[in-house]
Amino acid sequence: MRGDIHDIGKNIVASVVKSSGYKVIDLGKDVPNEKIVEAVERYKPVALGLSAMMTTTVLRIREIVEELKRRNLRVPVIVGGASLNENLSKELGADFYARSATDVVRFLKEIERREKN
């Protein structure tokens with residue numbers, strides 16, 4: 001997300017998710033909200049993962065979720081990072097809070113199960 005220049009955690013999650021058989025579209029670090037929303041429009045992902053290492057970037061999650069809703073883009077949002085917890089994640093509009101990369105894989109499997117039913 002814009003302003004967050006840390007990517008070690010994101011890279012770990014991406015590696016674990018890829019090794020679990022999922023395709024990952026990594027937009028990098030310090031990514032403007034608009035670029036994230038445009039990527040959702042373009043790629044139509046199973047889920048959108050956002051990481052917030054810094055407290056100064058946490059509120060960007062809400063901005064992104066609100067813009068997705070405004071554009072009627074329905075995608076589950078999975079968030080994680082040192083600046084987040086489950087309660088804050090819900091307040092920001094995220095669908096899932098991941099403490100670890102394995103949580104992300106578990107949530108992706110849950111999303112796939114929901115889509116099949």
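None of the figures in this text is laboratory data; all of them are computed from the coordinates on show. Fair warning: this is a prediction, and the values are worked out from it, not measured in the lab. Note: ideal-geometry Cβ built from the backbone for every residue, glycine included; neighbour counts use all protein chains shown.
Is the chain rounded, prolate or oblate when judged by the Cα gyration tensor, a ≥ b ≥ c being the square roots of its eigenvalues, rounded requiring a/c under 1.5 and prolate requiring a/b larger than b/c? Rounded, because the longest to shortest axis ratio a/c is under 1.5.
Among 43, 97, 22, which one shows the biggest mean-square fluctuation in a GNM of the chain, springs joining Cα atoms closer than 10 Å? Among 43, 97, 22, the largest GNM mean-square fluctuation belongs to 43.
Return, ordered by residue number, the residues of segment 63-83 whose backbone nitrogen is under 16 Å from a label point located 7 Å along Cα→Cβ of residue 99. Answer for segment 63-83: 79-83.
If R0 equals 22 Å, the separation of the Cβ atoms of residue 38 and residue 85 corresponds to a calculated FRET efficiency of about 0.15. The ranking of 19, 100, 89 from fewest to most other beta carbons within 10 Å of each one's beta carbon is 19, 100, 89. Would you mind classifying segment 1-48 by shape? Square roots of the alpha carbon gyration tensor eigenvalues, ordered a ≥ b ≥ c; an a/c under 1.5 is rounded, otherwise it is prolate if a/b is larger than b/c and oblate if not. Judged from the Cα gyration tensor, segment 1-48 comes out oblate (a/c at least 1.5, b/c at or above a/b).
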